[in-house]
1. Three principal axis extents, largest first, for the C-alpha atoms of segment 85-148, in Å?
2. Just order 149-158, 77-86 by mean Cβ neighbour count inside 10 Å, highest at the front, would you?
3. Ordering Phe98, Phe128 by accessible area with a probe of 1.4 Å, largest first, what comes out?
4. Which residues' amide hydrogens lie under 5 Å from the amide hydrogen of Val100, considering only partners 5 or more residues apart or on another chain, with H built in the peptide plane?
5. Take the Cβ-Cβ distance between Ser66 and Ala21 as r, set R0 to 41 Å, and report the resulting FRET efficiency rounded to the nearest 0.05.
6. Could you rank the peptides 167-175, 66-74 by their average count of other C-beta atoms within 10 Å per residue, with the highest value first?
Amino acid sequence: MQRKVFLEYWNSVERINRLFAGTIIVMALGMAVMGMAFYKYIGWQKVVLVPPAITDKIEIAGDTNSADYVRVMVKYIGQEIMEYTPNDIGQRISTVLFYVPPRYHDKVKKSLENLRQDVLQSGLNQMFRLHEMRVRENGEAYLMGNIERYVEGRPVWSNVAKLRINFSLKNGRFSILGFQMKVGPFKAVVKDQIYTGFEENQREQ
């Protein structure tokens with residue numbers, strides 16, 4: 001009788017152990033599936049850089065961004081480069097450099113630091129009023145407008161200026177590769193004047 005009870009008890013223990021082992025296997029498989037799903041989810045994520053304020057409609061899907069997104073970014077960076085005061089020039093330079101890849105960082109920083117020194121020494125304030133903007137598929141964007149310069153609140157100079165920004169859009173990430181500015185007065189108005197003066201040294205900083 002005792003042997004029969006023992007065998008029944010042993011069979012019950014074996015069933016419990018098999019059930020427990022099966023539960024562990026199911027939980028392990030579930031955790032593996034969740035881990036793979038999380039890994040895939042992380043791979044689908046990306047960081048999209050945008051200006052502090054957006055007034056235009058933009059679309060971002062996968063690794064592609066709409067042309068309006070590029071225009072918004074170009075306009076924002078253009079304003080950061082072309083408009084400044086002695087009080088905010090340092091912050092504006094930091095903002096621009098945030099969008100510059102390491103490979104181009106030193107070159108762009110050198111140009112911006114020269115600008116910072118001039119602004120701090122002269123006490124110059126500059127306003128930029130954008131009139132025209134063109135963005136090309138080859139990674140070049142052009143801005144043209146009027147700059148007005150002030151010292152201690154008094155206007156001292158006004159002229160037309162053009163800015164070319166070299167940029168890249170890789171995996172949906174907007175990056176600045178360089179820039180070049182031209183200040184007027186320019187020759188007589190010609191068709192597509194916004195491009196003139198940049199034909200040579202296309203990658204010059």
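1. Rounded to whole Å, the extents work out to 38, 32, 15 Å.
2. The densest-packed peptide leads the list: 77-86, 149-158.
3. Phe98, Phe128
4. Residues meeting the criterion, in which the H sits 1.01 Å from N, are Ile176.
5. Numbers: r = 54 Å, r/R0 = 1.31.
It comes out at approximately 0.15.
6. 66-74, 167-175
The values are calculated or read from the model by the stated rules, or taken from the named source; none is laboratory data. These numbers come from a predicted model, not from an experiment. Backbone-built Cβ (ideal geometry, glycine too); neighbour counts: all protein chains shown. Just so you know, the surface numbers come from the protein's heavy atoms only, side chains and all, with ligands and any DNA or RNA stripped out. Shrake-Rupley method; radii C 1.70, N 1.55, O 1.52, S 1.80 Å.
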